[in-house]
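Okay, structure first, notes after.
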Amino acid sequence: MKNSYNSLVRNFVILFIIFAGFILPENPAFSQSKLELSGGLGAPEYIHTRIKYGQKVQVGICAGFIAGTFYTHAFFNGSISAEITWHFLGKSKFVDQTPWYILGGLGYYYLPMSAKYGEYDVGFFPRIGRTINFSKRTGINLDLGIFLPIAKANDSSMNELAYKILGSWSISYFIRLR
């Protein structure tokens, strides 16, 4: 089981790098920055920080944790995910980037303190969202979608067929870097 899991993660990372390599050169240059840092709350990433690169298509990484997990003395309690965001609709007063987007992410989760998401350690989360720009450099991202578990945690007592669809959401404050 552990070998197949490692193979799945390795294959995803390779596929993500190849996909990002094809998309990023096609992304047109705009006057504003392509690098975006954010922090916020969500599920299943809970308290998180995110970094994205791009304009119309953004690739990024998100790392999150649950408050209180630092006291469990484990090496890692939280989540790490790779994300691709496609901005597709609308106009913004401050930037050229369209405000409506579709986000797809694949992540690894070690969240033993979470009753809902703690049973799973790999999941895919498609979302739809909106960017609200406060200026050329700051704003918030709001998104809502579903969480589809791909693999159950090794220490989970759940049945092999007990996978379920869970909610997924995020709200984060971002800053575009120069």
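So here's what we get for this one:
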| item | result |
| --- | --- |
| Distance between modelled label sites at residue 61 and residue 92, nm, 7 Å Cα→Cβ extension | 2.3 |
| Links that overshoot a 31 Å alpha carbon limit, given the list 93/164; 56/152; 91/152; 52/91 | 93/164; 56/152; 91/152 |
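Read the figures in this text as sums done on the coordinates, not as results from a lab. Owing to the predicted nature of the structure, the values given are computational and were not obtained by experimental measurement. Cβ sites come from the backbone with ideal geometry, for glycine too, and all protein chains shown count toward neighbours.
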